[in-house]
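The values are calculated or read from the model by the stated rules, or taken from the named source; none is laboratory data. Since this is a predicted model, take the numbers as computed values, not measurements. FYI the Cβ positions are ideal-geometry reconstructions off the backbone, even for glycines, and counts take in every protein chain you see. Protein only, heavy atoms only, side chains kept; ligands, DNA and RNA dropped before computing areas. Shrake-Rupley method; radii C 1.70, N 1.55, O 1.52, S 1.80 Å.
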Amino acid sequence: ISIAPVEDFSVTRRYAEDTNILETTFTTVSGSLRLTDWIPLGQGGQLSWSQLVRRVDGLDGEVRLRWSVAPGNRFNSTQPWVHTDDGALLIANGAEQLAIQSWDLGEPAVSDRSVGCELTISAGQCGVLSITGGEDSPVVIPTRERCVESADLTAGRWRDWAGSIRYDGPWETEVRRSALALKLLTYAPTGAIIAAPTTSLPERVGGEKNWDYRYMWVRDAAFTVDAFLSLELQDEAHAAVKWMLGALRRTSPELRVFYGLDANEPEGQHVIDVAGYRHSRPVRSGNRAARQTQLGTFGDLFEMISLYVRDGHRLDPPSARLLTDLADRCCDVWLTEDAGIWELTDSHHYTVSKIGCWTALDRAVRLADTERLQTPHAARWAAERDRIAAWVNEYCWSQSKRSYTAYAGTDDLDAATLLAARTGFEQGQRLTTTIAAIRSELQHGPSVYRYTGADGEEGAFIACTFWLVNALALNDQVDAARKLMDQAVDLANDVGLFAEQIDPTSGDALGNFPQGLSHLALINAACAFPPSR
């Protein structure tokens with residue numbers, strides 16, 4: 001769905017304050033116009049149908065404009081076609097139907113696959129384009145008046161929601177934008193936050209690291225609850241916990257790495273024979289990590305539940321029994337190799353996975369101590385927790401680098417070990433020297449690579465920069481943390497959004513976009529600083 005001037009133009013963009021309404025200003029040699037995009041909300045919140053409204057306002061002079069609606073073919077699985085029904089212009093695309101309506105945007109030219117028009121917009125003129133759709137459901141055909149009026153209603157709904165965000169710190173603008181971005185990434189029926197709404201955007205253009213992130217990771221769910229509770233967004237935190245426990249019941253006694261937005265178990269990965277972004281291949285649907293063993297997921301789950309309970313909430317008995325069984329299972333399996341947090345194909349005793357198991361049992365013990373989990377096994381959980389700590393400190397420590405390592409038996413580093421600060425596994429001298437080693441080996445300007453050797457394969461991982469900020473703040477290096485945080489927030493694009501990765505040299509965004517984990521890490525880093533005095 002494109003709208004842009006025909007001639008060369010410059011462009012500036014911004015979100016209307018405290019909303020997800022995007023305003024784009026195009027300027028050409030002959031004039032300028034403003035394009036406003038929004039997904040309408042109703043009086044009760046999200047509508048029961050899908051709609052996008054795009055409003056064009058001429059600001060100065062005249063601008064020759066072209067717009068078109070040309071749906072894709074769902075990875076070669078459908079062939080869209082245009083037809084009319086009692087005067088309504090519709091595009092069928094498999095089970096999906098789109099209704100295309102335009103007012104004061106010229107007489108659309110219609111082909112069998114697309115709809116569009118070229119016209120001149122003068123100062124003071126206003127045109128409106130509406131696209132509504134649904135899958136296996138009736139299609140709503142709104143009036144122009146209703147489309148235009150929905151802008152004020154939508155802005156009001158967003159500002160009401162943004163008004164409930166509680167954060168008082170130096171990065172208020174960035175925190176609020178991140179929260180608004182995460183709200184857009186939320187699947188309203190279940191409360192799941194999608195890792196990213198895209199698939200196969202490459203971590204290096206032309207490379208093969210092109211993954212499908214259209215799921216919710218258990219790891220992200222833990223960061224979500226932490227972030228939302230810190231901002232006092234109780235409804236969203238509760239929804240994430242409810243989604244997680246519902247998903248867990250579907251696969252118990254197994255804990256998957258990620259789940260579908262409907263909380264069902266995801267299918268495996270398959271490759272699709274289409275050209276990807278800037279011809280990067282392969283394009284994938286599904287993710288190979290669906291059946292991986294990632295022991296750190298135990299820690300993510302129990303950290304989420306611990307934060308939720310600490311905030312004053314209560315577990316239901318079936319959920320408490322599931323968690324008790326999973327704590328027992330963590331005791332049994334922690335000393336096995338896995339794929340690690342980065343979902344690699346080589347199995348190792350990854351340090352961050354062991355720290356995750358330590359976190360799971362530490363939080364399980366705390367839940368048992370406060371009688372949130374009823375179990376005779378708390379002593380076992382505590383004993384295994386202490387064994388994990390001793391094992392990590394013996395086998396996952398590099399004396400030469402004075403740092404925790406990526407996995408047992410290597411001197412390679414992993415930025416994810418910075419999460420030892422957040423979990424409380426280590427906040428003393430070993431954290432101090434690990435931070436120093438990671439900054440020396442993995443940091444490039446404000447950007448941080450995931451692990452040793454990643455700089456030859458991909459961009460720097462944005463969440464790692466915020467994990468470094470978080471670790472510095474918790475390690476009493478507040479001035480260094482604040483300086484890095486100021487640099488890190490500037491890595492966002494022009495409207496405050498983050499991709500998964502960034503090229504530290506060019507500043508180009510890499511990987512899927514926008515990336516929920518990047519925004520979650522920003523919020524959690526901002527909230528890690530001591531309160532301002």
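Could you tell me whether ARG74 is open to solvent by 70 Å² or more (accessible area, probe 1.4 Å), farther than 26 Å from PHE26 by Cα, of a type in the set (Lys, Arg) and within 30 Å of the chain's Cα centre (by Cα)? Give the steps one after another, and end with the answer.
On the way: open to solvent by 70 Å² or more (accessible area, probe 1.4 Å): yes; farther than 26 Å from PHE26 by Cα: yes; of a type in the set (Lys, Arg): yes; within 30 Å of the chain's Cα centre (by Cα): yes.
So ARG74 fits the description; yes.
The single condition among (1) open to solvent by less than 30 Å² (accessible area, probe 1.4 Å); (2) at pLDDT below 95; (3) out of contact with any Ser or Thr (no Cβ under 9 Å at 6 or more places or on another chain) that ALA368 does not meet is (3).
Among residues of region 224-254 being within 15 Å of ASP325 (Cβ to Cβ), open to solvent by 10 Å² or more (accessible area, probe 1.4 Å) and in contact (Cβ under 8 Å) with a residue 40 or more places away in the chain, the one that is nearest to the chain's Cα centre (by Cα) is LEU245. Under the condition of being in contact with a helix residue (DSSP H, G or I) (Cβ under 8 Å, 6 or more places away or on another chain) and farther than 20 Å from GLN51 by Cα, the residues counted in region 94-126 number 0.
Please verify whether ALA408 is touching a residue at least 60 places away in the same chain (Cβ under 8 Å), under 20 Å from SER353 (Cα atoms) and in contact with a Cys (Cβ under 7 Å, 6 or more places away or on another chain), treating the condition exactly as stated. Spelling it out, ALA408 is indeed touching a residue at least 60 places away in the same chain (Cβ under 8 Å), under 20 Å from SER353 (Cα atoms) and in contact with a Cys (Cβ under 7 Å, 6 or more places away or on another chain). Restricting attention to region 44-52, does a residue exist that is open to solvent by 20 Å² or more (accessible area, probe 1.4 Å) and over 27 Å from GLY156 (Cβ atoms)? No - not one qualifying residue is present in region 44-52.
Here is a check on your reading of the model: is GLY94 farther than 20 Å from GLU23 by Cα, open to solvent by 30 Å² or more (accessible area, probe 1.4 Å) and at pLDDT below 85? Spelling it out, GLY94 is indeed farther than 20 Å from GLU23 by Cα, open to solvent by 30 Å² or more (accessible area, probe 1.4 Å) and at pLDDT below 85. Looking at ALA436, ALA471, just one residue is open to solvent by 10 Å² or more (accessible area, probe 1.4 Å), part of a helix (DSSP H, G or I), of a type in the set (A, V, I, L, M, F, W, C) and over 23 Å from LEU180 (Cα atoms), and that residue is ALA436.
Residue by residue, here is whether (1) on the phi < 0 side of the Ramachandran plot; (2) in a loop (DSSP other than H, G, I, E, B); (3) touching a strand residue (DSSP E or B) at 6+ places or on another chain (Cβ under 7 Å) holds:
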| residue | (1), (2), (3) |
| --- | --- |
| GLU208 | yes, yes, no |
| ALA222 | yes, no, no |
| VAL225 | yes, no, no |
| HIS238 | yes, no, no |
| TRP243 | yes, no, yes |
| ALA247 | yes, no, yes |
| ARG250 | yes, no, no |
| ALA275 | yes, yes, no |
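Of all residue pairs spaced 6 or more apart or on separate chains, those with beta-carbon atoms under 6 Å, a first member in region 50-61 that is at pLDDT 95 or above and a second member that is among the charged types (D, E, K, R) are ARG54/ASP37; ASP57/ARG34; LEU59/ARG34. In region 154-165 there is no residue matching the filter, namely being part of a strand (DSSP E or B), surrounded by fewer than 20 Cβ atoms within 10 Å (Cβ to Cβ) and touching a residue at least 40 places away in the same chain (Cβ under 8 Å).
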